[in-house]
Amino acid sequence: MRFGLVFCNQSLTSQHMPAVFGETLEQTLLAEKFGYESALVCEHHLLPDAGYFPQPLIAVAALASATKKIRVGTGVMLLPLYHPLHVAEMGASIDVISKGRFILGVGQGYRPEEFNGFGVSLHNRGALLEENVKMIRDLWTKDKVSIHGKFHDLPEMTLSPKPVQKPSPPIWVAAKSEAAVRRAARICDAYFMDPVTPQFILKQRRAAFKDELTKLGKDRTGREVPLFREAYVGKTDDLAWKDALEPVLHIYKEYYLWGHMQDEEGNPVDPKKVSYEQFLELLRKRFIIGGVDTCISQIEKYRKEVETDHLIFRIHFPGLSHGKAMSSIRLFAESVLPHFE
């Protein structure tokens with residue numbers, strides 16, 4: 001069982017944004033010291049508050065240059081918003097800089113504001129994701145590539161430099177619906193399970209992913225099973241939630257209002273029909289937040305039910321102090337992670 005961190009590089013105020021990446025770097029270096037497997041950077045754009053650090057590959061390159069052992073990557077980047085040649089070049093360059101530690105995590109996105117801002121059709125996001133992943137993979141693994149797809153028609157080309165990892169850096173695809181998960185099985189190395197979907201549905205999606213691999217005649221052995229969960233460990237359950245609740249709500253109130261949350265059976269949570277108190281109860285069931293014993297039992301549950309072997313935490317929520325995030329990273333490493341060695 002391996003563990004990692006994911007950073008969304010958010011801030012409650014624009015004045016604090018210059019400090020955010022420095023905190024991310026310091027937390028990554030601490031995670032590397034304690035033997036965490038990975039440090040990933042996520043992406044969103046055009047939010048009305050201070051928002052996100054908007055270019056994940058730039059942040060990942062900075063992490064790659066400052067670390068020596070921990071794997072670095074995107075978790076996830078919104079691939080339909082990018083030209084795949086650009087991503088292939090930057091990803092290969094980061095893999096060279098990091099000496100083979102790059103993970104490309106991608107998703108299709110869902111917010112109309114982001115697609116409108118970049119002039120990309122939301123309707124085409126699934127097909128764009130699939131074509132872009134194929135083009136990136138071909139550029140990483142083949143000497144000469146010609147692209148004649150629905151969205152890209154490019155003459156023969158050769159990518160240089162090639163990535164260090166062979167045959168290529170791993171490509172993880174985030175997906176929510178069964179159709180999207182089955183598409184992920186066609187194109188990716190791993191289905192990256194998201195933090196919003198409840199465990200009951202993740203178990204079904206994981207079964208669909210394995211079923212699709214079998215139908216495609218693809219080997220299921222040796223594939224990573226990454227799972228993204230919101231997490232925070234404290235001395236007790238009550239103290240952990242006291243620290244984490246308001247920072248977590250800063251993120252999930254947006255998801256709640258966007259209609260991106262699901263109940264425990266996988267049905268969309270309609271803000272007009274689900275009370276705020278019911279929404280809070282969903283959060284408590286969904287996250288790995290609590291004292292040491294609670295976190296261990298929740299991780300055991302996910303390992304058993306969805307077969308994860310690489311659990312990736314978001315610990316530093318906007319509004320949570322850097323010091324508390326560092327303490328939680330350390331406490332996880334000292335008191336929770338040894339249980340899974």
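Among the listed pairs Lys253/Lys273; Lys203/Lys285; Lys150/Lys218; Lys68/Lys242, a Cα-Cα separation exceeding 23 Å is found for Lys150/Lys218; Lys68/Lys242.
Would you please name the trypsin sites (Lys or Arg not before Pro) within the stretch 220-280 that are DSSP coil residues with at most 15 other C-beta atoms within 10 Å of their C-beta? Answer in residue order: Arg220, Lys235, Lys272, Lys273.
Extent of the stretch 18-91 along its three principal axes (Cα atoms, max minus min coordinate, largest first): 35, 31, 16 Å.
Over the stretch 297-341, average the accessible area per residue using a 1.4 Å probe and give it in Å², no decimals.
About 39 Å² of surface per residue is accessible.
Measuring max minus min along each principal axis, the C-alpha atoms of the stretch 278-341 give extents of 34, 32, 19 Å (largest first). Using a probe of 1.4 angstrom and keeping all protein chains present, the accessible surface of the stretch 200-241 works out to 50 square angstrom per residue.
Note that the stretch 24-39 has calculated 3J(HN,Hα) couplings of 4, 5, 5, 5, 5, 5, 5, 4, 4, 4, 8, x, 4, 7, 8, 9 Hz, one per residue in order, obtained from phi through the Karplus relation 6.51 cos²θ - 1.76 cosθ + 1.60 (θ = phi - 60°); glycine and proline are x. Give me the mean projected area, in nm² to one decimal, of the convex hull enclosing the Cα positions of the stretch 1-54. Orientation-averaged projected area of the Cα hull: 3.9 nm². Ser160: net charge of surrounding residues, Cβ under 11 Å, Lys/Arg +1, Asp/Glu -1, itself excluded? In short, -1. Here the dipole of the chain is about 800 debye; that uses its Cα centre as origin and unit charges on the Cβ of Lys and Arg (positive) and Asp and Glu (negative). Counting only protein heavy atoms and a probe of 1.4 Å, the accessible surface of the stretch 94-155 is 53% carbon and sulfur. For the chain, the alpha carbon convex hull comes to 132 Å³ per residue, rounded to a whole number.
The length gained on full extension between His322 and Asp309, counted as 0.36 nm times the residue separation minus their Cα-Cα distance, comes to 1.9 nm. When +1 charges are put on Lys and Arg Cβ atoms and -1 charges on Asp and Glu Cβ atoms, the dipole computed for the stretch 12-170 relative to its Cα centre reaches about 580 debye.
Taking one quarter of the surface of the convex hull spanned by the alpha-carbon atoms of the stretch 72-194 gives a direction-averaged projected area of 7.3 nm². Note on the stretch 243-299: semi-axes of the ellipsoid equivalent to its C-alpha gyration tensor, largest first and rounded to whole Å, are 22, 13, 9. Full extension of the chain between Ser297 and Leu46 gives 86.6 nm of extra length, using 0.36 nm per residue less the Cα-Cα distance. D by Stokes-Einstein for the stretch 174-280, Kirkwood Rh over Cα pairs, 10 °C, 1.306 mPa s: 102 µm²/s.
Rounded to the nearest Hz, the phi-derived 3J(HN,Hα) couplings of the stretch 321-329 under the Karplus curve 6.51 cos²θ - 1.76 cosθ + 1.60 (θ = phi - 60°) are 5, 4, x, 5, 4, 4, 4, 5, 4, where x marks glycine and proline. Sparsely packed loop sites in the stretch 184-282 (the GluC sites (Glu not before Pro) outside DSSP H, G, I, E and B with at most 10 other Cβ atoms within 10 Å) comprise Glu265. Note on His250/Val196: beta-carbon distance plugged into 1/(1 + (r/R0)^6) with R0 of 22 Å gives a FRET efficiency of 0.90. The calculated P(r) of the stretch 147-193, using every Cα pair and 5 Å bins from 0, goes 5, 18, 15, 15, 25, 15, 7, 1 in percent. For the stretch 236-336, the Kirkwood estimate of the hydrodynamic radius, built from every pair of different alpha carbons, is 14.7 Å.
Here the simple spin-label model places points 7 Å from the Cα toward Cβ, and for Lys150 and Phe340 these points are separated by 3.6 nm. Annotation: Cα Rg of the stretch 163-221 relative to the compact-globule expectation 2.2 N^0.38 Å equals 1.15. A helix-only calculation puts the chain at -14500 deg cm²/dmol for mean residue ellipticity at 222 nm, using -39500 (n - 2.57) for each DSSP H run of at least four residues, averaged over all residues. Toward the positive end of the charge dipole of the stretch 192-341, with +1 on the Cβ of Lys and Arg and -1 on the Cβ of Asp and Glu, the farthest Cα among Phe340, Val233, Gly319 is that of Phe340.
Within the accessible surface of the stretch 215-259, defined with a 1.4 Å probe on protein heavy atoms only, the carbon and sulfur portion equals 51 percent. Rolling a 1.4 Å probe over the protein heavy atoms gives the stretch 26-84 an accessible area of 34 Å² per residue.
The values are calculated or read from the model by the stated rules, or taken from the named source; none is laboratory data. All values derive from a computational prediction rather than experimental measurement. Counting neighbours? That spans all protein chains shown, and the Cβs are built from the backbone with ideal geometry, glycine included. Calculation scope for accessible area: heavy atoms of the full protein, side chains included, ligands and nucleic acids excluded. Shrake-Rupley method; radii C 1.70, N 1.55, O 1.52, S 1.80 Å.
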